[in-house]
Amino acid sequence: MVLLHEGILEPALGITPQAVTAEANLTYEREAIAALDMPWTAGACRFLFLLNPCDVEQVMKIATAGEVMPAEVTDFYPSC
């Protein structure tokens, strides 16, 4: 996720951290099928990035190291 933000969203697309926080130029979907169902033909979506989920162990490792992850990475919901 950090690579996406620092390597593509801001330098290549001009989407600043402030715009990410405000979700001004992007949206997040938890499910791939919901993202694929976005209105591509209407021009509402130009890019789609599918990312592997971050597990709790990864979050704990980064948190105990004193680092911070993007908010959307730590959006956990119970699995069925």
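The values are calculated or read from the model by the stated rules, or taken from the named source; none is laboratory data. Bear in mind that the values here come from a model prediction, so they are computed numbers and not experimental data. Cβ: placed from backbone, ideal geometry, glycine included. Neighbour counts: every protein chain shown.
Can you tell me which residue is modelled with the highest pLDDT among those in the range 33-46 that are more than 19 Å from Leu9 (Cα to Cα) and small (Gly, Ala, Ser)?
Checking each candidate, the answer is Ala34.
Could you list all residues from the range 1-23 that are surrounded by 10 or more Cβ atoms within 10 Å (Cβ to Cβ) and either of a type outside the set (A, V, I, L, M, F, W, C) or modelled with pLDDT under 80 (or both)?
Met1, Val2, His5, Glu6, Gly7, Glu10, Pro11, Thr16, Pro17, Thr21, Glu23
Return the pairs, sorted by first residue and then second, in which the second residue is in a loop (DSSP other than H, G, I, E, B), the first residue lies in the range 45-72 and is of a type in the set (Phe, Trp, Tyr), the beta carbons are less than 8 Å apart, and the residues are 6+ apart or on different chains.
Phe47/Leu13
For the range 50-67, which residues satisfy the criterion of being surrounded by 11 or more Cβ atoms within 10 Å (Cβ to Cβ) and among the hydrophobic types (A, V, I, L, M, F, W, C)?
Correct list: Leu51, Cys54, Val59, Ile62, Ala63.
Could you list, in sequence order, the residues of the range 11-42 that are part of a helix (DSSP H, G or I), closer than 15 Å to Pro70 by Cβ and out of contact with any helix residue (DSSP H, G or I) (no Cβ under 9 Å at 6 or more places or on another chain)?
Gln18, Ala22 - these are the residues of the range 11-42 that are part of a helix (DSSP H, G or I), closer than 15 Å to Pro70 by Cβ and out of contact with any helix residue (DSSP H, G or I) (no Cβ under 9 Å at 6 or more places or on another chain).
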